[in-house]
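Here's the structure we're looking at; comments come further down.
The values are calculated or read from the model by the stated rules, or taken from the named source; none is laboratory data. Quantities reported herein were computed from a predicted structural model and do not represent experimental measurements. Don't worry about glycine lacking a Cβ; one is built from the backbone with ideal geometry, like all the others, and counts go over all protein chains shown.
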Amino acid sequence: MAARALLMLREASPWALAGAAAAVALLWLVAWTAEWAWWTPRRLDRALRAQGLKGTRYRLFTGDLAENARINREARTKPLPLGCHDIAPRVQPMLHRAIKEYGKMSFTWFGPIPRVMIPDPELVKEVLSNKFGHFGKPRSSRIGKLLADGVVNHDGEKWAKHRRILNPAFHHEKIKRMLPVFSTCCAETITKWENSMPSEGSFEVDVWPEFQNLTGDVISRTAFGSSYQEGMKIFQLQGELAERLVQSFQTIFIPGYWFLPTKNNRRMREIDREIRKTLREIIRKREKAIKDGKTNNDDLLGLLLESNMNESKGNAKLGLSTEDVIEECKLFYFAGMETTSVLLTWTLIVLSLHPEWQEGAREEVLNHFGRAKPDFDSLNHLKTVTMILYEVLRLYPPATFIVRRTYKEMELGSIIYPAGVNLQLPILFIHHDPEIWGKDASEFNPARFADGVSNATKHQGAFFPFGGGPRICIGQNFALLEAKMALCTILQRFSFELSPSYTHAPYTVITLHPQHGAQIRLKKL
């Protein structure tokens, strides 16, 4: 019988064999898709509900993505009243609705993957500490990796190697040496504003694009030194890429969608190629300059390449490849530029709404520096300015949530989570929770940080705008120092208030943006 089957197989035509192979492949694909898009989500749904968790109903392939997009569009048509810092219902309406309907510890669906809200700061702290390596980063989609696939997306030994090589570039002594660049870029922005101002009266400026340009200039110069003009092209391209990436979130779980030649997909690939080409050339020139002894390695790229050479010790496998360095440079740009520009924008908006704190910060700055350039040590001793920045980070965190994934069955709190569940650490909701911060949780009150972050609330893990644990943002000190320099320079030269044309409408494009800009009236002091 077996011999007969073998004979028939030998006599079969190539077309018949190809057809049989195609049929087997199709059956496998159907089975895999059914398991991925239907059986696994149903199994996870039952496991969560059996333990008392409640959440939205799973929809095939897309989960809550389409509904999330719909209510986001609806929310964005309704601006908030001036002075309202209770922004969660507008910024994350889907999660806000889920909490109201199902409770704080509820779940929604990101495609076929359940996302469970973890509202307890102690549990957040446990997840972020990741002592046993069981709470990893979710697998990034092919589209998501376009923006940056550096250390922020890695796990395990790969993450440890990248972090180890990156750490020297962000040592506080290295950042301290970058302060003159921060100062120069801030001074150029201030000079531009002063030159646009009439001899009397005030001058209106949308500070959102201004701060994007400022922080893009800073990261271009600090990351690439003399190649900063080429770096600015990357900053502009990544801004467009972020916008297009958000458009893709609704379709991210449709199998094979990335390969369709849609206008958005084609443009994202084109941007990616252009960014990589520019960075590859910058890196090639820098590596040659280092080998020729013609560079002092004072910028982030030089420090990264120097650290990489020390780590690899001539063995390329021990260090980062050129492609790895490209991804880290992309991350420098997105994280470095976005975080600080968002923080500065909301800081000026909030200080315009609370002029008493603006005056208090200005008094502190003038007492420390007068009209002179701020120095490193004094910047780190500014109490009122630091309190204000922390409170803005609490109310308007650049990243509104963090996601981790269970890679094996894990117990957290009283719940046993099966492998394949996403845990959503809701920065924005925890930062605004009155049970944690008190009745004034949605009010601007920097005084809560008068005795430092650790004493601002009884929950040690309740304030985490830069994440926490071993994966805490490597650039947080860079971002805060840059923000302090920019804010001090502005306070030395101008008083400011909101323009009547300003509309209070925070929303997310990866990070927390002002939907209609941030129009501020500046008055020269």
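If you take the residues in segment 277-298 that are polar (S, T, N, Q) and within 22 Å of residue 170 (Cβ to Cβ), which one is surrounded by the fewest Cβ atoms within 10 Å (Cβ to Cβ)?
296
Which ones in segment 317-358 are more than 28 Å from residue 220 (Cβ to Cβ) and out of contact with any Leu (no Cβ under 9 Å at 6 or more places or on another chain)?
317, 318, 354, 355, 356 - these are the residues of segment 317-358 that are more than 28 Å from residue 220 (Cβ to Cβ) and out of contact with any Leu (no Cβ under 9 Å at 6 or more places or on another chain).
If I filter segment 322-332 for residues that are at pLDDT below 85, assigned to a loop (DSSP other than H, G, I, E, B) and at negative phi, do I get at least one hit?
Among the residues of segment 322-332, not one is at pLDDT below 85, assigned to a loop (DSSP other than H, G, I, E, B) and at negative phi, which makes the answer no.
In segment 2-21, is there at least one residue being within 30 Å of residue 62 (Cβ to Cβ) and at pLDDT below 85?
Within segment 2-21, none of the residues are within 30 Å of residue 62 (Cβ to Cβ) and at pLDDT below 85.
Being surrounded by fewer than 21 Cβ atoms within 10 Å (Cβ to Cβ) and either at pLDDT 85 or above or in a helix (DSSP H, G or I) (or both) is the filter here, so list the residues in segment 309-321 that pass it.
Selection gives 309, 310, 311, 312, 316, 317, 318, 319, 321.
Select from segment 17-53 the residues that are surrounded by 12 or more Cβ atoms within 10 Å (Cβ to Cβ), aliphatic (A, V, I, L, M) and either free of Cβ contacts under 8 Å to residues at least 60 places away in the same chain or not in a helix (DSSP H, G or I) (or both) and list them in ascending order.
20, 53
With the structure loaded, tell me whether residue 127 is at pLDDT 90 or above, under 30 Å from residue 42 (Cβ atoms), out of contact with any Ser or Thr (no Cβ under 9 Å at 6 or more places or on another chain) and not basic (Lys, Arg) or whether it fails that test.
Criteria met by residue 127.
Looking only at segment 484-507, how many residues end up being over 23 Å from residue 196 (Cβ atoms) and assigned to a helix (DSSP H, G or I)?
1
Is there a residue in segment 508-518 that is small (Gly, Ala, Ser) and either closer than 30 Å to residue 36 by Cβ or part of a helix (DSSP H, G or I) (or both)?
Within segment 508-518 (the criterion being small (Gly, Ala, Ser) and either closer than 30 Å to residue 36 by Cβ or part of a helix (DSSP H, G or I) (or both)), the answer is no, since none of the residues qualifies.
Determine, yes or no, whether residue 208 is over 24 Å from residue 471 (Cα atoms), out of contact with any Cys (no Cβ under 7 Å at 6 or more places or on another chain) and crowded, with 21+ Cβ neighbours inside 10 Å.
yes
In segment 137-186, what residues are surrounded by 16 or more Cβ atoms within 10 Å (Cβ to Cβ), among the small types (Gly, Ala, Ser) and either outside any helix (DSSP H, G or I) or modelled with pLDDT of 85 or more (or both)?
If the condition is that a residue be surrounded by 16 or more Cβ atoms within 10 Å (Cβ to Cβ), among the small types (Gly, Ala, Ser) and either outside any helix (DSSP H, G or I) or modelled with pLDDT of 85 or more (or both), then 141, 148, 150, 169, 183 are the ones that fit.
Yes or no: residue 400 among the β-branched types (Val, Ile, Thr), within 20 Å of residue 44 (Cβ to Cβ) and surrounded by 20 or more Cβ atoms within 10 Å (Cβ to Cβ)?
no
When residue 511 is evaluated against the numbered criteria (1) at pLDDT below 95; (2) out of contact with any strand residue (DSSP E or B) (no Cβ under 7 Å at 6 or more places or on another chain); (3) more than 14 Å from residue 208 (Cα to Cα); (4) not small (Gly, Ala, Ser), which criterion, by number, is the only one it fails?
The failed condition is (3).
For residue 473, all conditions in the list (1) in contact with a strand residue (DSSP E or B) (Cβ under 7 Å, 6 or more places away or on another chain); (2) under 25 Å from residue 360 (Cα atoms); (3) modelled with pLDDT under 95 hold save one; what is the number of the exception?
So the condition that residue 473 fails would be (2).
Looking at 62, 108, which one is modelled with pLDDT of 95 or more, surrounded by 16 or more Cβ atoms within 10 Å (Cβ to Cβ) and closer than 20 Å to residue 248 by Cα?
108
Limited to segment 148-197, what total is found for residues that are more than 17 Å from residue 311 (Cα to Cα), among the small types (Gly, Ala, Ser) and under 24 Å from the mean Cα position of the chain (by Cα)?
Number of matching residues: 3.
Take the residues in segment 514-525 that are touching a helix residue (DSSP H, G or I) at 6+ places or on another chain (Cβ under 7 Å) and not aliphatic (A, V, I, L, M), then tell me which one is nearest to residue 359 (Cα to Cα).
524
If I go through segment 51-89 residue by residue, how many of them are in contact with a strand residue (DSSP E or B) (Cβ under 6 Å, 6 or more places away or on another chain) and under 23 Å from residue 502 (Cα atoms)?
The qualifying residues number 5.
Give the residue, chosen from 100, 78, that is surrounded by fewer than 16 Cβ atoms within 10 Å (Cβ to Cβ) and either part of a helix (DSSP H, G or I) or aliphatic (A, V, I, L, M) (or both).
Testing whether each residue is surrounded by fewer than 16 Cβ atoms within 10 Å (Cβ to Cβ) and either part of a helix (DSSP H, G or I) or aliphatic (A, V, I, L, M) (or both) leaves just 100.
Residue-by-condition table, conditions (1) within 15 Å of the chain's Cα centre (by Cα); (2) among the hydroxyl-bearing types (Ser, Thr, Tyr):
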residue	(1), (2)
430	no, no
469	no, no
473	yes, no
477	no, no
489	no, yes
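Among 305, 301, which is the only one that is surrounded by 20 or more Cβ atoms within 10 Å (Cβ to Cβ), more than 22 Å from the chain's Cα centre (by Cα), closer than 24 Å to residue 180 by Cβ and at pLDDT 85 or above?
Every option except 305 fails the conditions.
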